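Beneath this line is the structure, given in structure tokens, with notes to follow.
Coordinate-derived values only; no laboratory data. Since the structure is predicted, the reported quantities are computational estimates derived from the model, not experimental observations. Backbone-built Cβ (ideal geometry, glycine too); neighbour counts: all protein chains shown.
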Amino acid sequence: MKFSPQSQSILGTQYCEDEQDSSVSVYLLDELATDDQAKTSLYLGQESEPTRFLAKMADRGIVNLVQGLGPLELKKGIARWVRLMKSRERFFSDPGGVHFGTTFHKKVFRIQAPPEKILLRSRIGEVLGQVTNESGCEVGLTVFEELYMNAMLDAPREAGGSVGNREVLFEISWDDVEFVISCRDSWGSLDAGRLLKKMADVHARGAAASMNMNRAGGAGIGSMILLQNADSIVFGVWPTLFTLVSCRFARAGGFRSRMETLKSLCFYTYQELKNERSSL
Amino acid sequence: MKCRVSIEKEGAGAKVTVSGVVDEDMDFQTASLLGYSNLEFYLAELKGINSCGIREWIRWVGTVKDRPVIYHQCSKIVIDQINMVRGFLPEGGRVASFYVPYFNEDSGEEKNILFREGIEYQGTELRPPANILDEAGQQMEMDVVEAKYFKFLKG
């Protein structure tokens, strides 16, 4: 990785020298980088207000943002991101494995059609009840609801297909500290660039002004709800095959610490990246 | 956990109790709010609401127009929506009571405390209870970002 002088000043020179093993450039979110670098570079931030970091990301086409309160959190986030980038294809079949890297546990649930949702929600609630506390269950189930709607209802509509004829897969994975809820549809119709712009727009205008009141589509504020509740979100798209959205949470802690966590985001399209960069 | 709505006539008004999860399958057309002089919602058992559910809720309570609406026993989920989306509490509506999460970092214990209008808050002024203790008798702290959670009190 090639660290900008500003990012080196936060992470420490020694760390940056040790990590110089690929062509990826690392900048701070507030640094000015040219537009053609934005899609392949990693940006580091310490910005708590989603409106502000989303606007910067959308304006400059930034798709990789790792945030953390200090060098330790940032380095952990960078390590996670590097693991993801090295396993972009495997991520679609083993999100927990890519996220945690080593020892972890997981439960997988598959559903085909909306009538199965109530049972699925209850089973996911049971697993969350074993993995995290009350506030973790609440944020986890809130995120589950939005992931379900994206995968089961919005994805087929966007792909011109019909609801209920392709499998949706949910995975809950966890280690001692964190848990991850991942949802994979079998359409691969998400336009990551458009989603980022929409997220920025919804946050800038506010939920009420952005809400689609027409019953024929999603309400349009699901991405806002995801970002409010998850500590980090990865949107991976393998066009025409899969969209996988993976959200990370702390197992312990209350609502306040969850709200105050600095959010990290990553958007990637598998085929694009395969062509752009062969390795890190 | 399907959403259930019960509407009980109380004089010229109605007591509306909503429980479960409000989601994309919720059809509030079977729970008309028309014909009552005032509406009192009881929301302690509302356990979840997703983005489509929020939209349906706004359409539903939007039919109330200018009749008095009071929300009681709002769970955190309800307060989050009131703060996030204008219209979730209809214009001129009032929150008579709501839950505030408390947390003890050492024991990890979580608790919801009911704040009542006139007792734990009045207008924009908060009067939180002095001592909220966990089972071991340790002090618990309010587990919200106060500037965000109590935003709705400022109107």
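Mind checking which residues of the range A:192-239 are touching a Cys at 6+ places or on another chain (Cβ under 9 Å) and more than 27 Å from A:GLU89 (Cα to Cα)?
A:ARG215, A:GLY218, A:ALA219
With respect to A:SER189, determine if the residue is under 21 Å from the mean Cα position of the chain (by Cα) and over 19 Å from A:PHE255 (Cα atoms).
Yes.
Among what's in the range B:46-74 and is hydroxyl-bearing (Ser, Thr, Tyr) and surrounded by 20 or more Cβ atoms within 10 Å (Cβ to Cβ), pick the residue that is nearest to A:GLY140 (Cα to Cα).
The extreme case among them is B:SER51.
What's the total number of residues in the range A:109-143 that are within 24 Å of A:TRP81 (Cβ to Cβ) and either surrounded by fewer than 17 Cβ atoms within 10 Å (Cβ to Cβ) or within 12 Å of chain B (Cβ to nearest Cβ) (or both)?
Looking only at that region, the number is 5.
Hey, does the range A:82-94 have a residue that's under 30 Å from A:ARG205 (Cβ atoms), of a type outside the set (A, V, I, L, M) and without any contact (Cβ under 8 Å) to a residue 60 or more places away in the chain?
There is no residue in the range A:82-94 that is under 30 Å from A:ARG205 (Cβ atoms), of a type outside the set (A, V, I, L, M) and without any contact (Cβ under 8 Å) to a residue 60 or more places away in the chain.
Would you mind stating whether B:GLY20 is at positive phi, in contact with a Leu (Cβ under 8 Å, 6 or more places away or on another chain) and within 14 Å of chain A (Cβ to nearest Cβ)?
Yes: the conditions hold for B:GLY20.
If I go through the range B:98-155 residue by residue, how many of them are in contact with a helix residue (DSSP H, G or I) (Cβ under 6 Å, 6 or more places away or on another chain) and without any contact (Cβ under 8 Å) to a residue 24 or more places away in the chain?
Counting residues in the range B:98-155 that are in contact with a helix residue (DSSP H, G or I) (Cβ under 6 Å, 6 or more places away or on another chain) and without any contact (Cβ under 8 Å) to a residue 24 or more places away in the chain gives 1.
Out of everything in the range A:29-84 that is over 19 Å from the mean Cα position of the chain (by Cα) and among the aliphatic types (A, V, I, L, M), what residue ends up being farthest from A:LYS197 (Cα to Cα)?
A:LEU72
Taking the conditions exactly as written (assigned to a helix (DSSP H, G or I), over 26 Å from B:GLU110 (Cβ atoms) and in contact with a Ser or Thr (Cβ under 7 Å, 6 or more places away or on another chain)), does A:GLU158 satisfy them or not?
yes
Pairs only if they're at least six apart or on different chains, beta carbon under 6 angstrom, first in the range B:43-66 and within 12 Å of chain A (Cβ to nearest Cβ), second crowded, with 21+ Cβ neighbours inside 10 Å and small (Gly, Ala, Ser); list them, first residue then second.
Close Cβ pairs satisfying both conditions: B:SER51/A:ALA219; B:SER51/A:GLY222; B:CYS52/A:ALA219; B:ARG55/A:ALA219.
Which members of the range A:186-213 meet the condition of being within 14 Å of another protein chain (Cβ to nearest Cβ), surrounded by fewer than 16 Cβ atoms within 10 Å (Cβ to Cβ) and over 28 Å from A:THR240 (Cβ atoms)?
If the condition is that a residue be within 14 Å of another protein chain (Cβ to nearest Cβ), surrounded by fewer than 16 Cβ atoms within 10 Å (Cβ to Cβ) and over 28 Å from A:THR240 (Cβ atoms), then A:ARG205, A:GLY206, A:ALA208, A:ALA209, A:MET213 are the ones that fit.
From the set of residues in the range B:1-33 that are out of contact with any Asp or Glu (no Cβ under 9 Å at 6 or more places or on another chain) and in a strand (DSSP E or B), which is surrounded by the most Cβ atoms within 10 Å (Cβ to Cβ)?
B:VAL5
Which of the residues belonging to the range B:94-136 are among the small types (Gly, Ala, Ser) and surrounded by fewer than 19 Cβ atoms within 10 Å (Cβ to Cβ)?
If the condition is that a residue be among the small types (Gly, Ala, Ser) and surrounded by fewer than 19 Cβ atoms within 10 Å (Cβ to Cβ), then B:ALA96, B:SER107, B:GLY108, B:GLY118, B:GLY123, B:ALA130, B:ALA136 are the ones that fit.
In the set A:ASP36, A:ASP59, which member is part of a helix (DSSP H, G or I) and closer than 25 Å to A:ARG205 by Cα?
A:ASP59
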